[in-house]
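Accompanying notes for the structure given below.
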Amino acid sequence: EKALAHCELLVTLQADNPEQHRHLAMLLARKEDWQLAFEERLKVINLTNPPEVDDWINYAVAASHLAKWSEVLDSANLALQVQADIGLAYALLGQANMELGNKDEAGNQLTQATLLAPEEALGWLVLAELHEKNGDSEKSLEVLRAAVLSVPESADINFKLARICLRQGLLSDGLPFLRKAATLSPESLQVSLGLGQTLLSLGRLDEAYKVL
């Protein structure tokens with residue numbers, strides 16, 4: 001909070017300094033205050049000529065959390081005009097196109113994202129979601145099994161893989177991924193509840209009571 005207050009003061013004193021707005025936007029994003037982060041990212045765009053590639057990407061990320069899909073498309077495409085091999089830009093394009101119903105285009109972009117930046121969780125997660133929306137849970141499971149090898153420290157990937165396993169009745173298969181997700185994200189009530197319920201279903205009562 002002190003860092004945020006200090007940064008807000010610097011932004012007030014140096015309103016035309018894009019670097020101060022970048023720093024404030026970063027702190028706001030960490031707090032998941034996406035509306036204010038988006039506004040700060042927009043100020044950076046307006047204060048720089050031309051904006052840096054990372055400015056367009058960070059603006060697109062903030063916009064995606066607010067479901068501003070046209071802004072995501074525009075800014076991700078502008079980033080790719082400067083640098084054509086940004087995996088996260090393709091992931092953001094794919095996410096936007098999926099939400100807008102352009103499934104074929106989304107699939108191509110998300111596949112490209114996982115090839116260019118296999119270490120980025122977003123491309124994998126949205127590609128798995130796209131397959132689920134298309135009713136292909138097996139393909140979604142396949143994508144997430146590949147994802148957990150590429151991004152083993154992603155709590156979101158571990159949890160999503162676990163949930164698909166559980167939905168298919170593969171409780172023992174899903175349990176290790178639930179455990180990993182709980183380790184990576186101990187503050188998540190959703191993960192803890194899922195782990196506890198799975199342990200109960202497997203008859204591991206002592207472990208379940210410790211979690212719940």
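The values are calculated or read from the model by the stated rules, or taken from the named source; none is laboratory data. From a predicted model like this one, the values you see are computed outputs, not experimental measurements. Positions of Cβ are generated from backbone atoms using ideal geometry, with glycine treated the same way; all protein chains shown enter the neighbour counts. For accessibility, only protein heavy atoms count, side chains too; no ligands or nucleic acids. Shrake-Rupley method; radii C 1.70, N 1.55, O 1.52, S 1.80 Å.
Below are the figures for this structure:
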read-out	value
Count - residues of segment 115-136 that are assigned to a loop (DSSP other than H, G, I, E, B) and either in contact with a Lys or Arg (Cβ under 9 Å, 6 or more places away or on another chain) or small (Gly, Ala, Ser) (or both)	3
Considering residues of segment 14-25 that are in contact with a helix residue (DSSP H, G or I) (Cβ under 8 Å, 6 or more places away or on another chain) and assigned to a helix (DSSP H, G or I) only, the residue most open to solvent (accessible area, probe 1.4 Å)	His23
Segment 60-96 - residue that is in contact (Cβ under 8 Å) with a residue 12 or more places away in the chain and of a type in the set (Asp, Glu) and, of those, least open to solvent (accessible area, probe 1.4 Å)	Glu71
Segment 26-59, residues that are of a type outside the set (Val, Ile, Thr), in contact with a helix residue (DSSP H, G or I) (Cβ under 6 Å, 6 or more places away or on another chain) and within 19 Å of Leu4 (Cβ to Cβ)	Leu27, Leu28, Ala29, Trp34, Leu36, Ala37, Phe38, Glu40, Arg41, Lys43, Asn58
Any hit, segment 190-205, residues being assigned to a helix (DSSP H, G or I), more than 20 Å from the chain's Cα centre (by Cα) and β-branched (Val, Ile, Thr)	yes
Segment 118-138, subset under 17 Å from Val61 (Cα atoms) and in contact with a Leu (Cβ under 6 Å, 6 or more places away or on another chain), residue most open to solvent (accessible area, probe 1.4 Å)	Glu120
Residue check for Ala29: farther than 19 Å from Glu8 by Cβ, small (Gly, Ala, Ser) and surrounded by 19 or more Cβ atoms within 10 Å (Cβ to Cβ)	no
Criterion violated by Ser185 - all others in (1) open to solvent by 40 Å² or more (accessible area, probe 1.4 Å); (2) under 24 Å from the mean Cα position of the chain (by Cα) satisfied	(1)
Pair list, Cβ < 8 Å and 6+ apart or interchain, from segment 198-212 residues that are of a type in the set (S, T, N, Q) to residues that are at pLDDT 90 or above and open to solvent by less than 70 Å² (accessible area, probe 1.4 Å)	Thr198/Ala162; Thr198/Leu166; Thr198/Leu171; Thr198/Gly174; Thr198/Leu175; Thr198/Leu178; Ser201/Leu171
